[in-house]
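Contents: one structure, followed by commentary.
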Amino acid sequence: MTAVLEVDNLNAGYGVVPVLQDVNLTVAAGTITAVLGANGAGKTTLLRTITGLVRPTGGRILFSGADLRAVKVEQLVRRGIAHVPEGRGVVAELTVDENLRLGGLWRKDKADAKKATAEVYELFEPLARRRAHLGHQLSGGERQMLALGRALVARPTLLLLDEPSLGLAPKVTAQIMALLKRLRDDTGLTVLLVEQNVRGALSIADRGVVMSLGRIVMSAGADELLADDGLRHAYLGF
Amino acid sequence: MERFIFLTFDGLSRGAVYAAFALALVLIWRAARVVNFAQGAMAVVTAYAAYMVSDAVGSYLVGFLVALVGGLLLGALVERGLMRFVGHANPLNDVIVALGLVLLLTAVVGIIFGGEFRAANQPFDTSAIEVGGVPLMSRYDLFIWGTVATIVVLLALLFTRTAVGLRMRAAAFAPEVSRLLGVNVGRMLTLGWALAAVVGAVAGVLILPTELGLHPHAMDIVFASSFAAAIVGGLDSPVGAVVGGIIVGLILSYVSGYLGAALTPVAVLAVLLAVLLLRPGGIFSGVRARTV
Amino acid sequence: MLRIARRGIVVAACLALVAASSACSDEAPSSSGGGTAASVPGVTDTEILLGTHMPLTGPAAAGYSKIAPATKAYFEYVNANGGVNGRKIKYLVEDDGYNPANTQTLVRKLVLEDKVFAILNGLGTPTHTGVLDFLKTQKVPDLFVASGSRSWNQPEKYPTTFGFQPDYTVEGKIIADFVKKTYPGQVVCHMGQDDDFGRDSLAGVEQVLGADGVKEKQKYVTSNTNITPQIQAFKAAGCQVVISATIPAFTALSLGTAAKLGGFKPQWVPSSVGADYTTLSGLLGEGKVLLEGLVAPGYLPVSTDTSNPWVQLYQKVNKEYNGDAPFDNNIMFGMTVGYLTVQALLKAGKDLTREGLISAVESGGFKNAAVGPYRYSASDHSGIGGMQMGRVTAGVQAAFGPVVQTDDGAGPVQEYTEAPATPTGNGIPSA
Amino acid sequence: MTPQHTGTVLELRGIGVSFGGLVALEDVSMTAATGTVVGVIGPNGAGKTTLFNVVCGFVEPNTGDVLFEQRPLRPRPHQLAGKGIARTLQGVGLFRGLTVLENVMAGATHTARAGLVSALFGLPRSDRDERRLRDEAMTVLDGLGIADHAQAWPGTLPYAVGKRVALARALVARPRLLLLDEPAGGLGGDDVEELAALIVDLPNRSNCSVMLVEHHMDLVMKVCDQIVVLDFGRVVAAGTPAQVRDNPAVAEAYLGAEVGS
Amino acid sequence: MSTTKVRPARSPISRFVTPRPTGPRRGSTLLRHLLWVAVGAVAVYFVSYGIDPFRNYQLATVAAYLCVTAGLTMLTGLNGQLSLGHGALMACGAYTVALAQNEFSDRGVLGAWALPVSLALGVLVAALAGALIGVCAARLRGPYLAGVTLAVALVVPAFTTRFAGLFNADQGLSVYVDPAPAALGPYFPPERWQAWIAIGAAMLSLLIVANLVHSRYGRAFKAVRDDEVAAKLAGIHVARTQVLAFVVSAGCAGLGGGVLAVISQSVSPSVFGLTLSLNLLLAIVLGGLGSLFGAAWGALLLVLLPYLTTQVTRGLELSPGLANKLEGNLPLAIFGLTLIIVMLVAPGGIQDAFRALGRTVRRRF
């Protein structure tokens, strides 16, 4: 198992307020890693720092061996990293079709971008029916599908997913989790998943990482985390 | 009735230019959330460039093209060289820098070309075509309408049909997401300024022959009217800019014609209040976001 | 408390800064005027300091910004030839951008800081009106104000202020008299700027033609460049002669707009303020053919009349001392003001005082490029009283007909018969 | 630990809200007994915040009535504090241009007596009023254990302290009903424990009933006397924590079933 | 019953930030502010004796602008409402003072009380106009408010022309002002008297604004600016607070306008055009938004910057042709360039730059 992503001693913050402190994390290829923790623990900042939306104040981020700190945000998608940000990042003023086109605009291989788009419509049937609708006309579930679908148009090797279950009915959440699992199993996609729905996330994840106050306080196999009542209670609050 | 018809057509042809100029303001607002107070001064600079070239070459068309290219360059230059470096600690900083730019550009134009009015070239006959004794529109008015309509159509095509347009819209609405999707947001911002400056430059070249002529301050009043137009329509809406432009054009014409020229500023204020007190975000404002 | 303390300190610091930047503190009552020549502000054995305020920038600068440099150039010419009684004239020009707030500050700067001997040819009615009281208090000669307002002619209220050009009412009467005689029975209309310019002009016109002698009256404001509604109203009223109290830009705009409205071609008779052919043809570009047949009064020789000795003199000075700026009526105006000033200074004598200068102007009798007489006396501070009509023929503006004069009251318009003056040998007045 | 009041502090009857055709709340009825803590739970988008907004007057219900202390409430947000209702916002929601002390003093605005004239001229009346507000604010800050931060700017505070300041700003108004919107959001384990103790104590110590929206189930189960579960804008369950916990509908809607592999 | 224990701040930032003490202090706000007004007044008294009449006039102009910028920085900086129309509010004050003074003079009822009464009327009229605009403004945000207030700035000439009988259109009115009291001596320069009047007004304006800012209203202004929803929940009537800020700031503008009318002894519409309104905005932003100090810097800049740019360019020796082109334009270009550079170098304005400098110096030593 090779590491797709390695985070070494990462520090980051907003202004003078530190948010990440000495974060170390290794994500193996073809696995799903769940990042868990309370609001404000730094999970979202971790993802944003990895993709360069927040400038790290110290440490390294290696993606397939290359340091990401030197890579511009808009170049990441060309390297195979897709980030679905918090709140899903559907451009509300654009139509479903335009959102999906946006996902493949950077690609030279227009034919494959088209093919990928078609695959997304196949994968998420409800989207196909709402091609011409604007982003803000979609339901929460449809938006999540759109954001995920748009990321997949890029055919990424690493998918960073921030709270996909936010505000979704349990059934929809379950579908999305199942899809992630399938993508990992079928295409070898690597996923870094920030989730509050701990049970849902751990049920598909290979590893779980628990953050608190900007640090990683716990890192273990998903099964281990689910099984250990003490850990669960202390860090996950259930 | 004849007077009313006359004033209506007069207002419509003015409104067309206000619409184009308001469109330029809307473009920048949508791309960068800045009301570009330097729009008028920038249009003056490009108009002088167009004037110089078309005078030297003797072709209106060449001058027109110079204005287009000049606008593109100037817009990009202003964004790349200046606006990009303005701190956003407070949204007024953009306004102050734009005002500083107005002073600077006006003074430089004044130094190079002097403060005299210069006759602006016009490609067409400006005498009005009469219908039933009422002079309605001149060929030049039709040219204005045609050009403004072309701009609106081209912009619509650009934004809805092309990849660049899609990128620009995405970058304006959701810069962060766009970057994650590989869009160079900084470049889109530059392009937005450049496009807006082109539209402003065209509006400037169009309106000058109907105004006093070319002069460092030629666009001051046009800017004020067009800003009002953009606000009436809603700063986020290109359609609003066009409708707002026509509304302001008509109001100015009716008030000038029926109540006296001196009262036009009062009329503009009244229209702004009437519209904004009913719709605080302009006629074509979208749904208000949830605040809690 | 700390913040307040710091605030107090900085306020004090600000004030100290102002204090520190001040050159000196002058308790001497020099501003009250009088005294010997040695203590007269702005006058030394070698120099006379004059100041003015002009719009050099801003929307109103067009044309006007050329006046002060022309005056200055004429002074340089005089200085190069020995000056006035051995003193060279230094002319400080302040740009007020036609904003009265700036005029306020700049005129105070000229008087209080630069200590000019007199304010000369300050331009604009709204701008200059604001400094009348100040100049009166300071007893500073306020010569040859560049505007046709009647306000400058109030010797009891403002004893140091003098006008220059014929006021707008005088001009209105002269134009109306001409129109009445030349175009009898035609429908006459009036286009006026919506301020004292338009109002005074209309008053003069109606004085001659009667209130019902003007069929359609329209006004414009400089902040609204769409005057199509006004012109259409003239057309609808069937106007045949339109007298206009318009600045050049709006004269041009009126002509251009009228031409657009289905060939509406009345006889335009604009005020001299807005009738300079060079300026107008620049404004109209290819449309300058519209100026053909334009009739307007003037109080100075037309700048294009190269046979006129004054024009020749001024062109020479313009070439040598004014960077050969495009020669037009504004330069004529500026140089005539310079000439008149030198005349007045010479008349005031070697022992130059502010009171002396004022008496010198009040004693009158100046003759120079002006086609009509200067009316200066102790009881009349208005300027030139006569005008001559001019017409554009084949692209050349030329004077024709008699010089006429009148007052701004009910007095008649009558011919002025004295022969025009010519400049002395080297173009510098002698005592 | 005995409640001083009996009866209901807040009653909602058949509240319905829709935004442009989208139903946010449908026929929601519930009561909050005086001196109790009522929790509102449910998935995001279930209508919890909308429900708070109805009580606060930010959203006008299409149907139904709100009764506060048995009287109909036609709330306008800025009058709430004067009527005895205070609310905290999701996140921190502090005024970043005011110090902690000033933030809390702002919460007591409705109790100020000195008028504009005394303020304009800095009259003693205004000073007295200000000192009283300041003392009250300091007392509340002290009670929450954050008096040390009184002069700090909100932007420099640790998240947990910020949330506590927001609570202080609500408490300084001496509300009889306190609406807490995700008070535990972003707090660590210890902080949540302390918060729980605080909330439980409010009805006794401050005569203040509490209604809270929260995801943190431990907290909800620990502090609430009654729990209302919302899903898709409807009440799907209501009762004591124990009753709610055992309700299968709640587990399905909110707690989330595991994904079968 | 478990009590909460005090927890140490986890983040180390608080060590680096020394918050300025705010909120009420012991002692009387009025006395404290009066003390500083007195200090200022005494300082100015001596300064006004130390400088020549023209500096005194400049000082008077700075003070007149300071009346306005103090109110405007409160409105824009502390309450977050943008106004491009304060020039028009100044015009309200100026014309009221002009009409009142001339009326008093015509009736021969002038006395020491006349000027304060006229100025008070000016403040009243401007405050009423401000209330009207404020009620509209309370519904508007950002550029929409800017647009409406910009339109307000442009209506002044329209009114003076429409009611030319009262306001005398473009030409404006001259303002009768009593000369300095005879007790000050025959050679007492009128400019020094004007400076005293203007400084008195500026001190009053600063006093009132400072009092207000340090009261619960000042707190409400900032609360509304920072978070309207939270402000409502804190019991603050948002719209009323915004209108109040507008009214007080308009009153200050009216006072400033009135003082300007008095020191220049004239009023005309083009003084109060859009340029003035924009200049006022420049002043408060360049000075440092939201601080009374910044307002003072701004007022100083408004007077000194044009003066200095003209002085600097005057020294150049140029050929007549070039001089004709540069005259007037060069100072404007320098002015524009200065604005841009200051905004790029010190985006928080002068006051902020000084504060940062002070912090650095304190940390060093």
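Considering Cα pairs under 8 angstrom that are at least six residues apart, work out the relative contact order of the range C:153-279 and quote it in whole percent.
25
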Considering every residue in C:49-59, what mean count of other chain Cβ atoms within 10 Å of its Cβ is obtained?
-> 4
Taking 7 Å along the Cα-to-C-beta vector as the label spot, tell me the A:ALA128-B:LEU277 distance in nanometres, rounded to one decimal.
-> 5.5
Quick one: angle between helix E:216-226 and the longest Cα principal axis of chain E, in degrees between 0 and 90, rounded to 10, please.
-> 80
How high is the relative contact order of the range B:184-277, in percent, with contacts defined as C-alpha pairs under 8 Å that are six or more residues apart?
-> 17
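Quick one: ranking E:HIS33, D:HIS216 by accessible area, 1.4 Å probe, largest first, what do you get? Don't jump to the answer; show the numbers that get you there.
Details: E:HIS33 10, D:HIS216 55 Å².
Descending order: D:HIS216, E:HIS33.
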How would A:GLU195, B:GLU130, D:GLU193 rank on accessible area, largest to smallest, probe 1.4 Å?
-> D:GLU193, B:GLU130, A:GLU195
Give me the orientation-averaged projected area of the Cα convex hull of the range D:94-174, in nm², one decimal.
-> 5.0
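Using a 10 Å cut-off around each Cβ of peptide E:337-350, what is the average number of partner chain Cβ atoms that fall inside?
Averaged over the peptide's residues, the number is 5.
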Got a number for the accessible area of C:SER377? Probe 1.4 Å, square angstrom, nearest 10.
-> 40
At q = 0.22, 0.23, 0.24, 0.25 Å⁻¹, what is the log10 ratio I(q)/I(0) for the range A:89-155, with the Debye formula run over Cα points and no solvent?
-> -0.80, -0.87, -0.95, -1.03
With axes computed from alpha carbons, what is the tilt in degrees of helix E:292-314 against the longest principal axis of chain E, rounded to the nearest 10 within 0 to 90?
-> 50
For the range E:202-270, just the Cα atoms, rotate onto the principal axes and tell me the three extents in Å, largest first.
-> 49, 25, 15
What angle do you read, to the nearest 10 degrees and between 0 and 90, between the alpha-carbon axis of helix A:110-123 and the longest principal axis of chain A?
-> 80
Any of C:LYS288/C:LYS367; C:LYS72/C:LYS139; C:LYS219/C:LYS265; C:LYS173/E:LYS325; C:LYS350/E:LYS325 with alpha carbons more than 26 Å apart? Name them for me.
-> C:LYS288/C:LYS367; C:LYS173/E:LYS325; C:LYS350/E:LYS325
Evaluated at 10 °C and 1.306 mPa s, the Stokes-Einstein D of the protein assembly as shown based on the Kirkwood radius over Cα pairs, in µm²/s, stands at 44
Determine which lysines satisfy two conditions relative to A:LYS181: a Cα distance under 19 Å, and not lying fewer than 8 residues away in the same chain.
-> A:LYS171
Here FRET efficiency (C-beta to C-beta, C:ALA80 to C:THR182, R₀ 60 Å, nearest 0.05) is 0.85
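What are the membrane-span-like helices in chain B by this rule: whole DSSP H runs, Cα extent along the axis at least 24 Å, mean Kyte-Doolittle hydropathy at least -1.0?
Sorted by number, the helices that extend far enough and score high enough are B:2-32, B:39-57, B:60-81, B:92-113, B:139-161, B:185-207, B:238-258.
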Dmax and Rg, reported as Rg then Dmax, of chain B (C-alpha, Å) | 19.0, 62
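Hey, what number do you get for chain A at 222 nm if only DSSP H runs of n ≥ 4 count, each worth -39500 (n - 2.57), divided across all residues, to the nearest 500? If you can, show how the numbers build up before the last one.
Details: 9 runs with 88 residues, N = 238.
So the helix-based figure for chain A works out to -11000 deg cm²/dmol.
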Mind ranking D:27-36, B:264-273 by how tightly packed they are, going by the mean number of other C-beta atoms within 10 angstrom, highest first?
-> B:264-273, D:27-36
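Return the equivalent ellipsoid semi-axes of the range C:168-298 as a descending list in whole Å, where each equals the square root of 5 times an eigenvalue of the C-alpha gyration tensor. Numbers along the way, then the final one.
Numbers: eigenvalues 81, 48, 43 Å².
Taking √(5λ) for each Cα gyration eigenvalue gives 20, 15, 15 Å.
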Towards the positive end of the charge dipole of the range B:2-218, with charges on Cβ (+1 Lys, Arg; -1 Asp, Glu), say which of B:ILE111, B:GLY186, B:ILE144 has the farthest Cα.
-> B:GLY186
Chain C - share of DSSP beta bridges that are antiparallel (%, nearest 5) | 40
Order of E:102-111, C:331-340 by packing, highest average Cβ count within 10 Å first?
-> C:331-340, E:102-111
Would you mind giving the mean number of other chain beta-carbons within 10 Å of the Cβ of each residue in E:264-277, as a whole number?
-> 6
Measuring from a point 7 Å past the Cα of E:ARG107 along Cα-to-C-beta, which residues in the range E:161-182 have an amide N at less than 19 Å?
-> E:166-167, E:175-178
Starting from the eigenvalues of the Cα gyration tensor, five times each then square-rooted, give me the equivalent ellipsoid semi-axes of chain D, largest first, whole Å.
-> 33, 21, 17
Per the charge dipole of the protein assembly as shown (beta-carbon charges, Lys/Arg positive, Asp/Glu negative, Cα centre), the residue among D:ALA197, D:GLY14, C:ILE227 reaching farthest to the positive end is D:ALA197
Semi-axes a, b, c in Å (a largest) for the range B:200-243, each sqrt of 5 times a Cα gyration tensor eigenvalue, come to 22, 10, 7
Among C:293-305, C:49-61, C:203-215, how do they line up from the highest to the lowest mean number of other beta-carbon atoms within 10 Å?
-> C:49-61, C:293-305, C:203-215
B:ILE5/E:LEU304 FRET efficiency (R0 51 Å; Cβ-Cβ; nearest 0.05) | 0.40
Any lysines with Cα under 23 Å of the C:LYS136 Cα? List them, leaving off those in the same chain fewer than 8 positions away.
-> C:LYS90, C:LYS109, C:LYS115, C:LYS157, C:LYS347
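Given the convex hull over the Cα atoms of chain E, what projected area results after averaging over all orientations, in nm²? Walk me through the intermediate numbers first.
On the way: hull surface 101.8 nm².
Over all viewing directions, chain E projects a mean Cα-hull area of 25.4 nm².
The values are calculated or read from the model by the stated rules, or taken from the named source; none is laboratory data. As the structure is a prediction and not an experimental result, all values here were calculated from the model. Don't worry about glycine lacking a Cβ; one is built from the backbone with ideal geometry, like all the others, and counts go over all protein chains shown. Accessible surface is based on the protein model in full, side chains and every heavy atom, while ligands, DNA and RNA are left aside. Shrake-Rupley method; radii C 1.70, N 1.55, O 1.52, S 1.80 Å.
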